[in-house]
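In what follows, a structure is listed as structure tokens, so that the remarks can point back to it.
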Amino acid sequence: MPVRKWRGPVAQRSDIVVIGGGIIGLAVARRLCLAGLAVTVLEQRRTGRGASWAAAGMLAPYCEFDEPDPYFILCRTGLERYAGFIETLRDETGCPIEYNATGMIYPALSDRGLARLETRYERHRREGVPVERLTVREARRLEPDLSNRIRMALRYPADHQVENRDVVTALEKSVRLHGGVVREGVAARSIVLDGRRVAGVDTTDGLWNAPKVVIAMGCRSRYIDGVSPAHRIPVRPVRGQILALRAGAVPPFRHTIFTREVYLVPRSDGRLIVGATVEEAGFRDEVTLGGVLQLFRGALELAPGLASCPLESTWSGLRPVTRDGWPVLGAMGTPGLFAASGHGRNGILLAPLTGDLMAEAILHERVPPIMRPFLPDRFYPAGTGEAKDDSNR
Ligand code: GLY
């Protein structure tokens with residue numbers, strides 16, 4: 001890796017700089033602040049206004065996953081910690097955070113969907129996943145606005161959802177309350193090195209001196225200078241378009257309604273979030289006619305009565321997705337440099353757990369076993385250095 005030594009004036013000094021003020025960066029920063037470190041979060045726009053703001057806040061390892069692989073284990077552990085995390089965050093900050101633990105309903109709308117869900121039900125039951133099989137009548141008794149054309153449904157009572165915008169607002173407040181510095185409108189340009197070690201970050205507002213730096217830049221995580229090409233985080237943007245319907249004083253559903261094509265997430269203020277497309281569109285975070293049409297169609301198929309709901313707003317976000325679809329967590333090849341990125345569809349779900357795991361890696365140089373499959377060095381070409389794993393010491 002080329003050595004870049006900073007020779008300009010020193011602007012600021014922290015124990016650690018977190019690049020990226022999304023939910024992941026903020027969750028990591030909060031844990032480090034709690035440990036007494038001087039933490040600076042650098043956010044090139046406004047904190048939490050990227051993918052974290054665009055998300056729908058589903059906390060749904062059971063609905064979303066097919067295989068009991070390490071990623072499923074990570075997501076399930078993330079969910080297990082969530083309610084406690086929200087309680088703590090509410091207490092710390094006084095911020096209201098909407099949290100809904102009613103569960104999810106996954107209906108089948110066709111013969112093929114029915115067969116798929118039957119198979120899924122049997123497998124999930126064998127694997128101990130909390131799942132219930134509902135007849136059409138049972139599903140419609142729980143959610144009368146579901147289409148009468150559904151064929152059956154699965155209910156995942158342990159899946160939750162959270163108002164993600166409340167979480168990022170509270171997290172930012174928590175970071176500040178615990179002494180962290182959050183700088184908006186400051187873009188990181190390059191990691192600065194002193195010999196082989198990290199020495200800070202060169203930004204549009206001068207140098208931040210810090211012996212440790214976390215890259216938590218979401219889908220832009222590979223675009224920072226000072227990281228050798230072999231060690232760049234292989235993450236790309238995957239667009240999700242979403243819309244919100246104004247469903248009335250209360251939303252028509254208590255559960256989140258989920259299918260592979262579309263999901264309906266009720267909010268307590270009467271909005272119904274309809275998400276989300278999954279599109280390779282580079283960094284184009286537009287809302288398109290085709291995207292909105294897909295969401296409308298999917299929503300009306302699930303609940304024809306939604307046709308009379310006013311459309312309140314549309315937006316889109318860019319999920320950070322890695323080459324293998326799993327997050328990148330932990331020490332990178334350069335001493336002092338860490339990655340927390342690539343959370344794909346599960347950034348909201350995994351933020352608290354990511355904060356905990358990254359704190360272990362950064363403060364104690366430990367890699368908890370659950371984190372090991374997600375280390376950055378799985379992407380490094382052979383012979384280009386490994387991330388440090390001291391977990392066996
Ligand atoms: N977590 C759902 C999505 O990314 O659309």
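The values are calculated or read from the model by the stated rules, or taken from the named source; none is laboratory data. Here the structure is a predicted model, which is why all the values come from computation and not from measurement. Reconstructed Cβ throughout: ideal geometry from the backbone, glycine too, with neighbour counts over all protein chains shown. When the accessible area is computed, the model is the full protein with side chains, heavy atoms only, and any ligands, DNA or RNA have been set aside. Shrake-Rupley method; radii C 1.70, N 1.55, O 1.52, S 1.80 Å.
If I model a spin label as a point 7 Å beyond the Cα along the Cα-Cβ vector, how far apart are those points for ALA38 and ARG197 in nm?
Roughly 1.6 nm, to one decimal.
Quick one: which of 38-49, 104-115, 19-30 comes out on top by average Cβ neighbours within 10 Å, and what's the full order, highest first?
Those peptides, ordered most packed to least, come out 19-30, 38-49, 104-115.
Once the piece of chain linking GLU87 and GLU286 is laid out straight, how much longer is it, given 0.36 nm per residue of separation minus the C-alpha distance between them?
68.2 nm
Compute the long axis of helix 111-126 from its Cα atoms, compare it with the longest principal axis of the Cα atoms of the chain, and write down the angle in degrees, 0 to 90, nearest 10.
In the chain, helix 111-126 runs at an angle near 60 degrees to the longest axis.
Taking the Cβ-Cβ separation of LEU311 and ASP111 as r and a Förster radius of 41 Å, what is the calculated FRET efficiency to the nearest 0.05?
E between LEU311 and ASP111, to the nearest 0.05, is 0.85.
Modelling each spin label as a point 7 Å along the Cα-to-Cβ direction, I'd like the THR135/VAL250 distance in nm, to one decimal.
Here the modelled spin labels are 2.6 nm apart.
How much accessible area per residue does the chain have, counting only protein heavy atoms and a probe of 1.4 Å, in square angstrom?
Solvent-accessible surface per residue comes out at 42 Å².
May I ask you to derive the FRET efficiency for ILE370 and ARG125 from their Cβ-Cβ distance with R0 = 35 Å, giving the value to the nearest 0.05?
0.90
Could you work out how far the C-alpha centroid of the stretch 282-312 sits from that of the stretch 57-116, in angstrom?
23
When 1/r is averaged over all different Cα pairs and the result inverted, which Kirkwood radius in Å belongs to the chain?
Its Kirkwood hydrodynamic radius stands at 21.7 Å.
Rounded to the nearest 500, what is the 222 nm mean residue ellipticity of the chain from helices alone, with -39500 (n - 2.57) per DSSP H run of 4+ residues and division by all residues?
Helices in the chain give a 222 nm mean residue ellipticity of -9000 deg cm²/dmol.
Quantify, in whole percent, the carbon and sulfur part of the accessible surface of the chain (1.4 Å probe; protein heavy atoms only).
So the carbon and sulfur contribution to the accessible surface is 50 percent.
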